[in-house]
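What follows is a short report on a single structure.
The values are calculated or read from the model by the stated rules, or taken from the named source; none is laboratory data. Note that the structure is a prediction, hence the values are computed from the model and not measured. We place every Cβ from the backbone using ideal geometry, glycine too, and count neighbours over all the protein chains shown. What goes into the accessible areas is simple: the full protein's heavy atoms, side chains included, and nothing from ligands, DNA or RNA. Shrake-Rupley method; radii C 1.70, N 1.55, O 1.52, S 1.80 Å.
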Amino acid sequence: MEKKYDHKIQEPEIQKKWEEKGIFTGKIDKNKKPFTIVLPPPNANGKLHTGHVLMLAIEDILIRWKKMQGYSTLWVPGTDHAGFETQVVFERHLKEKGKSRFDYDRDSLYKEIWDFVQENKGVIESQIKSMGPGLDWTRYTFTLDDKVVDTVYETFQRMVEEGMVYRDDYIVNYCPKCGTTFADLELRHVTRKDPLYYMKYGPFVVATTRPETKFGDTAVAVHPNDERYKEYIGKEIEVEGLNGNLKLKVIGDTFVDPKFGTGVVKVTPAHDKNDYEAGRRHSLEIKSVIGLDGKLNENTGPYVGLSVEEGRKKVVEDLQRKGLMIKIDYDYEHTVSVCYKGGHDIEPTVLPNWFIKVENFKKPALDVVINKEVKIYPRWREITYVKWMEEMRDWPISRQVVWGIRIPAWYSVEENPSIQVTFLNKKKERITGKVSDLIKKYSFSEIEEGLQSLIAPKNAKSIISKARPNGNYLQETDTFDTWFSSGHWPLVTLGYPNSDDFHYFYPTSVMETGWEIIRFWVSRMIMFGIYLTGKPPFSDVYLHGLVRAIDGKKMSKSLGNVIDPLDYVSEYGADALRMGLISGTANGKDFAFPRDKVVAYRNFANKLWNMARFILLLMENNEVVEYKEGNDKNITDVDKEIIQKLRSLIYGVNNSLEKFRFSDASDLIYQFMWHEVADNYIEYVKTREDKGVALGVLKYVFTTGLKVLHPFMPFVTEAIWSNIETNGLLIENRWPE
RNA sequence: GGGCGGUUAGCUCAGUUGGUUAGAGCGCCACAUUGACAUUGUGGAGGUCAUAGGUUCGAUUCCUGUACCGCCCACCA
């Protein structure tokens, strides 16, 4: 053995040994109990970050611990297509080539992104492997694999048949100039001055920058504790308008800031995100007044056909004429959302969207947590889950993103003449309009082949089908919310509904992930698991904290404090990095990257290495009297003491791991090996006359300690094992009782 | 604004049902190189456990208020 432990040489070699022997290939063994984890899939197009390392470390500890205990373990890896995020990265890439997504038809764009991801996904896979996780790569899954898409389609079809899917309006960031919607992250926020208009609304005065949307008002809102207006809450008021009187509900809602303006807000659910949310809370009518062409629609009476700017001017004049305009503040500064593409004003608009009824999902998904069928660690995170489930409203599942699983709904253009389509014609010109008009100028196949997006009306007729129906059918261009498909993750990775794997390994044992996605992801997995199989997909949920930068702040590119875990792997080794992260925090709280601990555990690896060297040195000069439990005639009290401490170490580590207290467990084994075995016992062995006996005990204690340490620092323990034991690989040995 | 968490040694953090001298890693000081390891060993200094009250025989631990800090969500019509 070299004088120093060299992780750079050892880690890849050890990794190869595990792989060659297929150590972590899951095996269906009816004589063993299964222990299953599915890996939360990292972005296929991304890089490994410290959060991934922590996740891999925790899950690997559990897998190796259970495997050594005799369970038939399976840990399934996968990567995520990361819908919107990847599309943004790809578009940046397009921009470098002077292009944008609007230069491609939908199918070509999808294919381009697919190829782009295929080129890059090897990076994350090899980075994952460098951390030494005991994953079964023969069962690797990508979130856009056919088996995933098929299962998602089947679920969707079933839900449609059971009446759990409906179409309704949903507010989106729509740009009338671009004829498309934008994600929140695609918006730019600009600060500018616009007049703030104070208009008379029955007994109130409301302040607004958007008087032209007043025809879409279906309520006014005040803060529920505002003494000035308390008496009106729940009542209906009559308001003099420009097209006759209108009746508005008065609602009390905390989204209103009583200190702003007059403390009374006009509520336009169809054209303001905030108002939309309030509208859903209070079941208000959604009345759209601006069309997809950006012009005021028929709901505005005589103003129909005017642009938003023209309409606003005219409405203001008419209000002034009628004496309904109280005052105008021309000095009002606010932020406005504009699209990133052309800098046009975003018009929040309601568009038809696919929704899932959650009413039947909620209770079972809530119950399994409350009655502890699914246990959440740490306990206090349970509150987040419970609140979310209680408040959950129907789930809008369509997204206007290309990179995802396309909703399998097909619209007949003959039956749905008012569908708005946007496509590239043969000359690559972008055409937008009603399909019934465009079909007169273009062939159906030209429209279909060049299709970028379509917007079908709320009541459009559609066929749900994986395959294209015969006839002039256009497929829905929206994709599923990524959480809709990833909610199936434990099912699809295990071959739901009818594979041997599924019957043996499902439900899984532990779901381990970052706490920030408990609401988006964990809740959806539980919902779909129960819906499709009657059983929640896992019995324990462990939520780890966020790894922050060394300065304690959240890592971000703009702050320049992002830590690349691979730098630490190459400098200190994967073992040291893993162990450092594990012992840096205990309770799933966020924590700053524990750099000092990583160094400390690098030193620890070297310490262990040298302990082994010392034992080997003794073995060269002494005949070892192998120590066996129960056979302790010749041993001393000090020997007995270290064996006793080993026993309580094993007990303590098991106990901590069962409670997901990884830091406690890693601390115990560290203290034991370094301070009990190395500092005390080895020094004592040096003084012994009967070296062979003491050496036997030392070897027993040390190798047993290696077993206990192995799940935490798999590489160095395996490397040492191969030098002092002939008994196969360490990971193939039994966990000490 | 709503929710969650934090405030313990110079730094980063543990502290499992309230109970004798409050712990670890790193850092610092002194000493040590006589079978492995300087990525080492031995010893040591260092904390009125944010703050004000309350419950209790007893509070870092439970309750309430206050002050900072962090995160998530929603965001100014």
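Where the second residue is acidic (Asp, Glu) and the first is modelled with pLDDT of 90 or more and lies in the range A:502-529, which pairs have Cβ atoms under 8 Å and are six or more apart or on separate chains?
A:SER509/A:ASP540; A:VAL510/A:GLU59; A:VAL510/A:ASP540; A:MET511/A:ASP540; A:GLU512/A:GLU59
It is to be established whether one or more residues within the range A:279-287 are within 30 Å of A:SER418 (Cα to Cα), open to solvent by less than 50 Å² (accessible area, probe 1.4 Å) and under 37 Å from the mean Cα position of the chain (by Cα). Give the derivation first.
Initial filter on the range A:279-287 (within 30 Å of A:SER418 (Cα to Cα)): A:279-280, A:283-287.
Retained after the next criterion (residues that are open to solvent by less than 50 Å² (accessible area, probe 1.4 Å)): A:279, A:284.
Subset that is under 37 Å from the mean Cα position of the chain (by Cα): A:279, A:284.
Within the range A:279-287, one or more residues are within 30 Å of A:SER418 (Cα to Cα), open to solvent by less than 50 Å² (accessible area, probe 1.4 Å) and under 37 Å from the mean Cα position of the chain (by Cα).
Out of A:LYS686, A:LYS691, which single residue is more than 41 Å from the chain's Cα centre (by Cα), free of Cβ contacts under 8 Å to residues at least 24 places away in the same chain and near RNA strand B (Cβ under 9 Å from one of its atoms)? Spell out the reasoning first.
Numbers: A:LYS691 fails: free of Cβ contacts under 8 Å to residues at least 24 places away in the same chain.
Matching residue, one of A:LYS686, A:LYS691: A:LYS686.
Out of curiosity, is A:ILE431 open to solvent by less than 60 Å² (accessible area, probe 1.4 Å) and in a helix (DSSP H, G or I)? Lay out the reasoning, then the answer.
Values: open to solvent by less than 60 Å² (accessible area, probe 1.4 Å): yes; in a helix (DSSP H, G or I): no.
When the stated conditions are applied, A:ILE431 does not pass them.
Residues that are closer than 25 Å to A:GLY122 by Cα and among the aromatic types (Phe, Trp, Tyr): does the range A:34-43 have at least one?
Among the residues of the range A:34-43, not one is closer than 25 Å to A:GLY122 by Cα and among the aromatic types (Phe, Trp, Tyr), which makes the answer no.
Just give me the residues in the range A:440-491 being of a type in the set (A, V, I, L, M) and in a loop (DSSP other than H, G, I, E, B), in sequence order. Walk me through it before giving the result.
So in the range A:440-491, the residues of a type in the set (A, V, I, L, M) come out as A:447, A:451, A:454-456, A:460, A:463-464, A:467, A:474, A:491.
If the condition is that a residue be of a type in the set (A, V, I, L, M) and in a loop (DSSP other than H, G, I, E, B), then A:ALA456, A:ALA460, A:ALA467 are the ones that fit.
Out of A:GLY573, A:GLY552, which single residue is open to solvent by less than 20 Å² (accessible area, probe 1.4 Å) and either on the phi < 0 side of the Ramachandran plot or near RNA strand B (Cβ under 10 Å from one of its atoms) (or both)? Give the derivation first.
On the way: A:GLY552 fails: open to solvent by less than 20 Å² (accessible area, probe 1.4 Å).
It is A:GLY573.
With respect to A:PHE505, is the statement that it is touching a Ser or Thr at 6+ places or on another chain (Cβ under 6 Å) and either among the aromatic types (Phe, Trp, Tyr) or more than 26 Å from A:GLU85 (Cβ to Cβ) (or both) true?
On the way: touching a Ser or Thr at 6+ places or on another chain (Cβ under 6 Å): yes; either among the aromatic types (Phe, Trp, Tyr) or more than 26 Å from A:GLU85 (Cβ to Cβ) (or both): yes.
Taking the combined requirement at face value, the residue satisfies it.
Considering only residues that are of a type in the set (A, V, I, L, M, F, W, C) and either more than 9 Å from RNA strand B (Cβ to nearest atom) or not in a loop (DSSP other than H, G, I, E, B) (or both), which ones fall in the range A:576-592?
As a first pass, look at the range A:576-592 and keep what is of a type in the set (A, V, I, L, M, F, W, C): A:576-577, A:579, A:581-582, A:586, A:591-592.
Answer for the range A:576-592, where residues must be of a type in the set (A, V, I, L, M, F, W, C) and either more than 9 Å from RNA strand B (Cβ to nearest atom) or not in a loop (DSSP other than H, G, I, E, B) (or both): A:ALA576, A:LEU577, A:MET579, A:LEU581, A:ILE582, A:PHE591, A:ALA592.
Considering the range A:291-308 alone, what residues qualify as being in a helix (DSSP H, G or I) and within 17 Å of A:THR349 (Cα to Cα)?
Restricting attention to the range A:291-308, the residues satisfying the condition of being in a helix (DSSP H, G or I) are A:298-303, A:308.
Scanning the range A:291-308 gives A:GLU298, A:ASN299, A:THR300, A:VAL308.
Could you please give the count of residues in the range A:352-389 that are farther than 25 Å from A:GLY545 by Cα and of a type in the set (A, V, I, L, M, F, W, C)?
Residues in the range A:352-389 being farther than 25 Å from A:GLY545 by Cα and of a type in the set (A, V, I, L, M, F, W, C): 5 in total.
Would you mention how many residues in the range A:239-269 are within 16 Å of RNA strand B (Cβ to nearest atom), in contact with a helix residue (DSSP H, G or I) (Cβ under 7 Å, 6 or more places away or on another chain) and either open to solvent by 30 Å² or more (accessible area, probe 1.4 Å) or part of a loop (DSSP other than H, G, I, E, B) (or both)?
Here the count works out to 4.
Does A:ILE615 satisfy being of a type outside the set (Ser, Thr, Tyr), within 22 Å of A:PHE672 (Cβ to Cβ) and part of a helix (DSSP H, G or I)?
Numbers: of a type outside the set (Ser, Thr, Tyr): yes; within 22 Å of A:PHE672 (Cβ to Cβ): yes; part of a helix (DSSP H, G or I): yes.
In short, yes.
Taking the range A:1-21 as the search range and keeping residues that are in a loop (DSSP other than H, G, I, E, B) and either open to solvent by 100 Å² or more (accessible area, probe 1.4 Å) or touching a residue at least 24 places away in the same chain (Cβ under 8 Å) (or both), which one is farthest from RNA strand B (Cβ to nearest atom)? Don't jump to the end; show me each part of the working.
Of the residues in the range A:1-21, the ones in a loop (DSSP other than H, G, I, E, B) are A:1-6, A:21.
When the remaining residues are screened for being either open to solvent by 100 Å² or more (accessible area, probe 1.4 Å) or touching a residue at least 24 places away in the same chain (Cβ under 8 Å) (or both), the result is A:1-5, A:21.
On the way: A:MET1: 8, A:GLU2: 10, A:LYS3: 5, A:LYS4: 5, A:TYR5: 7, A:LYS21: 29 Å.
Restricting to residues being in a loop (DSSP other than H, G, I, E, B) and either open to solvent by 100 Å² or more (accessible area, probe 1.4 Å) or touching a residue at least 24 places away in the same chain (Cβ under 8 Å) (or both), the top hit is A:LYS21.
If I ask for residues that are at pLDDT below 90 and either assigned to a loop (DSSP other than H, G, I, E, B) or of a type in the set (S, T, N, Q) (or both), which ones from the range A:56-97 would you list?
Residues satisfying the conditions are A:ALA82, A:THR86, A:GLN87.
Inside the range A:123-149, can you point out the residues that are open to solvent by 50 Å² or more (accessible area, probe 1.4 Å), charged (D, E, K, R) and either outside any helix (DSSP H, G or I) or touching a residue at least 40 places away in the same chain (Cβ under 8 Å) (or both)?
A:LYS129, A:LYS147
Could you give every pair whose Cβ atoms fall below 7 Å, whose first residue belongs to the range A:714-725 and is crowded, with 16+ Cβ neighbours inside 10 Å, and whose second residue is aromatic (Phe, Trp, Tyr), counting only separations of at least 6 or pairs across chains?
From residues that are crowded, with 16+ Cβ neighbours inside 10 Å, the pairs are A:VAL716/A:TYR5; A:VAL716/A:TRP609; A:ILE720/A:TRP609.
Would you check which residues across the range A:519-549 are within 16 Å of RNA strand B (Cβ to nearest atom) and either open to solvent by 50 Å² or more (accessible area, probe 1.4 Å) or in contact with a Gly (Cβ under 8 Å, 6 or more places away or on another chain) (or both) and list them?
The initial filter retains those residues of the range A:519-549 that are within 16 Å of RNA strand B (Cβ to nearest atom), namely A:519-524, A:541-549.
Once the filter is applied, which keeps residues that are within 16 Å of RNA strand B (Cβ to nearest atom) and either open to solvent by 50 Å² or more (accessible area, probe 1.4 Å) or in contact with a Gly (Cβ under 8 Å, 6 or more places away or on another chain) (or both), the range A:519-549 yields A:ARG519, A:PHE520, A:TRP521, A:ARG524, A:TYR542, A:LEU543, A:HIS544, A:GLY545, A:LEU546, A:VAL547, A:ARG548.
Restricting attention to the range A:309-326, which residues are open to solvent by 50 Å² or more (accessible area, probe 1.4 Å) and in a helix (DSSP H, G or I)?
Residues satisfying the conditions are A:GLU309, A:GLU310, A:ARG312, A:LYS313, A:LYS314, A:GLU317, A:GLN320, A:ARG321, A:LYS322.
Output the qualifying pairs, or none if there are none: Cβ atoms under 9 angstrom, residues six or more apart or on different chains, first residue in the range A:593-620 and more than 6 Å from RNA strand B (Cβ to nearest atom) and of a type in the set (D, E, K, R), second residue open to solvent by 20 Å² or more (accessible area, probe 1.4 Å) and part of a helix (DSSP H, G or I).
Cβ pairs passing all conditions: A:ARG595/A:TYR568.
Output the number of residues of the range A:206-224 satisfying the condition of being more than 10 Å from RNA strand B (Cβ to nearest atom) and either surrounded by fewer than 17 Cβ atoms within 10 Å (Cβ to Cβ) or among the aromatic types (Phe, Trp, Tyr) (or both).
2
With the condition kept exactly as written, say whether any residue in the range A:270-278 is in contact (Cβ under 8 Å) with a residue 12 or more places away in the chain, within 8 Å of RNA strand B (Cβ to nearest atom) and more than 30 Å from A:SER418 (Cα to Cα).
no
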